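Quick notes on the structure that follows.
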Amino acid sequence: MTTRREDIEAFVRGIVREVEAAEAAGIRDPDALAAHFNAKGLTTRKGRGWTGATMEKFLSSAGAQRFRNGG
């Protein structure tokens with residue numbers, strides 16, 4: 001059984017992997033990343049669609065920063 005914290009960290013790691021893959025494909029703008037995620041059916045942890053603002057907030061979060069580029 002996993003803890004809530006482990007579930008959140010697993011979610012963040014997965015989203016970071018998706019962000020880095022999108023960035024490698026040239027998608028860097030938060031609005032474009034949000035559109036890319038929504039087109040793939042990837043939602044926020046609460047099951048909502050992404051916006052440029054939510055993507056910016058995620059990218060600047062301590063959790064995302066910790067796991068970026070293999071961290």
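The values are calculated or read from the model by the stated rules, or taken from the named source; none is laboratory data. Please read these numbers as outputs of a predicted model, since none were measured by experiment. FYI the Cβ positions are ideal-geometry reconstructions off the backbone, even for glycines, and counts take in every protein chain you see. For accessibility, only protein heavy atoms count, side chains too; no ligands or nucleic acids. Shrake-Rupley method; radii C 1.70, N 1.55, O 1.52, S 1.80 Å.
Which of the residues belonging to the range 1-36 are within 17 Å of Thr51 (Cα to Cα), open to solvent by 50 Å² or more (accessible area, probe 1.4 Å) and not in a helix (DSSP H, G or I)?
Arg28, Asp29
Would you be able to tell me the number of residues in the range 11-48 that are within 12 Å of the chain's Cα centre (by Cα) and under 20 Å from Gln65 (Cβ atoms)?
Going through the range 11-48 one residue at a time, the tally reaches 20.
Would you be able to tell me the number of residues in the range 61-71 that are surrounded by fewer than 11 Cβ atoms within 10 Å (Cβ to Cβ) and either touching a strand residue (DSSP E or B) at 6+ places or on another chain (Cβ under 8 Å) or of a type in the set (A, V, I, L, M, F, W, C) (or both)?
Residues meeting the conditions: 1.
Go through the range 45-60 residue by residue and tally those that are open to solvent by 30 Å² or more (accessible area, probe 1.4 Å), touching a residue at least 24 places away in the same chain (Cβ under 8 Å) and either β-branched (Val, Ile, Thr) or more than 12 Å from Glu9 (Cα to Cα) (or both).
Matching residues across the range 45-60 total 2.
Pairs needed: first member in the range 13-40, charged (D, E, K, R); second member anywhere, not in a helix (DSSP H, G or I); C-beta distance under 9 Å; at least 6 residues apart or different chains.
Close Cβ pairs (under 9 Å, with a partner that is not in a helix (DSSP H, G or I)) amount to Glu18/Leu42; Asp31/Thr51.
Please determine, by comparing only the residues of the range 37-53 that are charged (D, E, K, R) and assigned to a loop (DSSP other than H, G, I, E, B), which one is farthest from Gly63 (Cα to Cα).
Filtering first and then ranking leaves Arg48.
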